[in-house]
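Below: one structure, written as structure tokens.
Throughout, read-outs are computed from the coordinates displayed, never taken from laboratory work. Bear in mind that the values here come from a model prediction, so they are computed numbers and not experimental data. Methodologically, a virtual Cβ is constructed for each residue, glycine included, from the backbone with ideal geometry; neighbour enumeration extends over all protein chains shown.
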Amino acid sequence: MSENIIIVDNANTTSTEIKCPGCGASSGIKFDPATSRLTCPFCGLSSELHLPARPAAELDFNAAIQRANVNWGYIKKLIVCSNCGGQTLYDAEQITGACPFCGSTSVTSAAESDQIMAPNAVIPFSVTKEMTQQCFVDFLKRKRLLLKGVTDCKLENISGVYLPFWTFDIGTVTDYVISTGNYIPEGYTRPQEFTGVFYDTFDDIIVFASDKNRNPYIPRIQKFDFTKAVPYSPKYLAGFAAERYTVGINDAFERSKIKIPRRIKRDITLYEEKALKTSVIVTDASTVYCNVKFRYLLAPIYLATYRFKNKEYQVAINGQTGAACCDAPTKITRMVTALTIAIIVSTIIWIILWCLFPDFFGHMWELFTHR
């Protein structure tokens with residue numbers, strides 16, 4: 001389905017620079033997850049954000065065209081990776097030579113005319129870069145049969161990135177038809193049909209807003225507490241990259257509805273069986289979606305790598321919870337290899353012995369088959 005977010009012509013991403021209140025520097029200012037403050041690399045000043053603590057508001061889906069906002073609060077540049085297709089936003093003055101998702105250096109700046117819808121909510125980083133090593137080690141310690149020395153490995157190329165998500169609150173009105181009958185020893189009685197209207201609501205249906213190739217472990221650490229989302233401010237992104245959504249709001253809404261019909265039929269069945277005291281089957285259902293609210297929000301992760309015996313492994317860490325996931329070399333591979341070699345060697349020895357002593361093994365085979 002085509003994207004229904006229309007960007008008004010000549011709507012530019014304006015710049016409201018994040019400046020240090022101490023020395024006035026406007027570059028290099030970073031958000032510190034440990035203190036939820038901004039830090040200046042020049043004078044070392046740590047300043048408060050002074051942002052509202054209220055939850056991030058949800059927007060009316062039907063008014064999405066009018067509410068589309070491309071103002072990220074300061075100038076951003078879009079970097080596109082030709083290897084994995086990842087589209088990442090950086091501060092305009094920031095220079096990057098590699099894609100944070102696949103590490104490829106084949107990155108190019110997108111055309112300046114590209115307009116990028118800004119999020120209306122963000123889950124700030126609460127895990128610091130320094131904490132990622134411990135998160136990584138804690139994950140490895142829960143794995144079994146690790147090779148010796150893996151837990152001593154150090155994370156490299158650590159980068160913090162905000163991932164894009166859509167969340168939907170959806171109201172539904174369903175006209176339905178059910179069929180019911182009571183079981184008797186001879187079988188079911190003649191079915192009876194009833195019609196009804198069922199109202200249901202679904203809160204915070206989450207859709208990941210990117211289809212691009214990426215670190216394979218990201219899906220395993222995407223369990224965020226979306227209730228902790230706060231209104232978007234560019235200050236949270238200071239010092240971090242943000243991935244651009246590639247799944248538009250229309251497509252995301254269609255994906256959010258995939259599981260809804262099954263859940264509605266289940267709820268109708270439970271409701272009617274409780275009321276009628278018999279089993280029922282929903283034979284027809286037609287659902288209208290209403291009062292749809294949405295949020296486009298950013299959620300934090302860390303991407304990193306580590307090396308073990310000259311082989312590089314990818315790591316993904318949840319920037320809110322610290323949950324980590326990666327591949328790790330284990331003894332299982334060695335055990336399988338040793339078993340395979342043992343089977344091959346045993347087979348070769350058996351063949352050689354058979355060739356050297358055919359009468360003996362032939363006699364043994366006869367005894368075995370005629371036993």
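Miscellaneous remarks
- The range 342-360 versus the range 244-291: alpha-carbon centroid distance in Å: 64 Å
- Size check on the range 122-172: the Cα extents along the three principal axes, sorted descending, read 54, 24, 16 Å.
- Measuring r between the beta carbons of residue 266 and residue 225 and using R0 = 25 Å, the FRET efficiency lands at 0.45.
- Cβ-derived FRET efficiency at R0 45 Å, residue 289 paired with residue 321, nearest 0.05: 0.90
- Convex hull of Cα atoms in the range 196-348, direction-averaged projection (nm²): 17.8 nm²
- In the range 238-300, taking the dipole from charged Cβ atoms about the Cα centre, the farthest positive-side position among 245, 299, 261 is held by 299.
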